[in-house]
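Everything below concerns the one structure shown next.
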Amino acid sequence: MTDPSTIRIERSYSHSPAALWRALTDPELHARWWAAGDVRAVVGHRFTLDMGKWGQQPCEVLAVEQERLLRYRFAAGSLDTIITWELAPEGAGTRLTLTHEGFNLDSPMGRAALEGMKAGWPGVLGRLDAALGGAAVAAPAAQAS
C-alpha cells in the first residue's frame, strides 16, 4: 500500500557513495545543486536552507549513518516534513533513494507542497548529478508512495 503523503524517488548514479555523501553534506557543494545552507551530518544540527522564493526553511538533522543515510526535518514549523537520503553501493556507482514524507494532506499548503515537490524533485536530482559532473540513470519514474 502506498502512502499518498510521501514522495519516493530512486536514481542510480555513476558516482561513489562517498561522492554523493559529500554533495549531500558539504554546504558549498549542496548550494550548487539545491539550496544554500549550513547542512552538516551531525544529529541534532539545526540549519536553514535558502529556498529562494519559498524563503528560509529551518531544518534539523534526525539521523546519520556515514555515506549511507541522512534524515532531517524540513521546514520545521510550517510543512514539518521529513527528508531521508539513502545511499547504497550499486556496481561502480550508487543507488540513491529520496523519501520526502509527512505532508499534511488536510491543509491546502500541504497538498500544494506535495504536488510542487513531486514535480520538482526529479529536476533537483538531475542538478545533483550535474554538480558531480555525470549523468544520472533514472530508475522507475518518480512516484508518490
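Here's a check for you: in segment 34-49, which residue that is in contact with a helix residue (DSSP H, G or I) (Cβ under 8 Å, 6 or more places away or on another chain) and not hydrophobic (A, V, I, L, M, F, W, C) is surrounded by the fewest Cβ atoms within 10 Å (Cβ to Cβ)?
By that ranking, first place goes to Asp38.
Test Leu29 against the stated conditions and say whether it is farther than 13 Å from Phe74 by Cβ, aliphatic (A, V, I, L, M), modelled with pLDDT under 95 and crowded, with 17+ Cβ neighbours inside 10 Å.
Details: farther than 13 Å from Phe74 by Cβ: yes; aliphatic (A, V, I, L, M): yes; modelled with pLDDT under 95: yes; crowded, with 17+ Cβ neighbours inside 10 Å: yes.
Spelling it out, Leu29 is indeed farther than 13 Å from Phe74 by Cβ, aliphatic (A, V, I, L, M), modelled with pLDDT under 95 and crowded, with 17+ Cβ neighbours inside 10 Å.
Only one residue in Ala76, Ala41 is at pLDDT 95 or above and assigned to a loop (DSSP other than H, G, I, E, B). Which one? Walk me through how you get there before you give the answer.
Numbers: Ala76 fails: at pLDDT 95 or above.
Of Ala76, Ala41, the one residue that is at pLDDT 95 or above and assigned to a loop (DSSP other than H, G, I, E, B) is Ala41.
As an exercise: evaluate Thr25 against (1) under 14 Å from the mean Cα position of the chain (by Cα); (2) of a type outside the set (Lys, Arg); (3) within 21 Å of Glu115 (Cβ to Cβ) and give the number of the one condition it does not meet.
Thr25 satisfies all of (1) under 14 Å from the mean Cα position of the chain (by Cα); (2) of a type outside the set (Lys, Arg); (3) within 21 Å of Glu115 (Cβ to Cβ) except (3).
Failed condition for Phe47, given (1) assigned to a strand (DSSP E or B); (2) touching a Phe, Trp or Tyr at 6+ places or on another chain (Cβ under 7 Å); (3) farther than 19 Å from Gly93 by Cα; (4) hydrophobic (A, V, I, L, M, F, W, C), with all others met?
For Phe47, the exception is condition (2).
Can you name the number of the only condition in (1) touching a residue at least 60 places away in the same chain (Cβ under 8 Å); (2) touching a helix residue (DSSP H, G or I) at 6+ places or on another chain (Cβ under 8 Å); (3) within 16 Å of Arg8 (Cα to Cα) that Thr81 fails?
(1)
The values are calculated or read from the model by the stated rules, or taken from the named source; none is laboratory data. What you are looking at is a predicted structure, and each value in this text was computed from that prediction instead of being measured. Glycine gets a Cβ as well: all are built from the backbone with ideal geometry, and neighbour counts include every protein chain shown.
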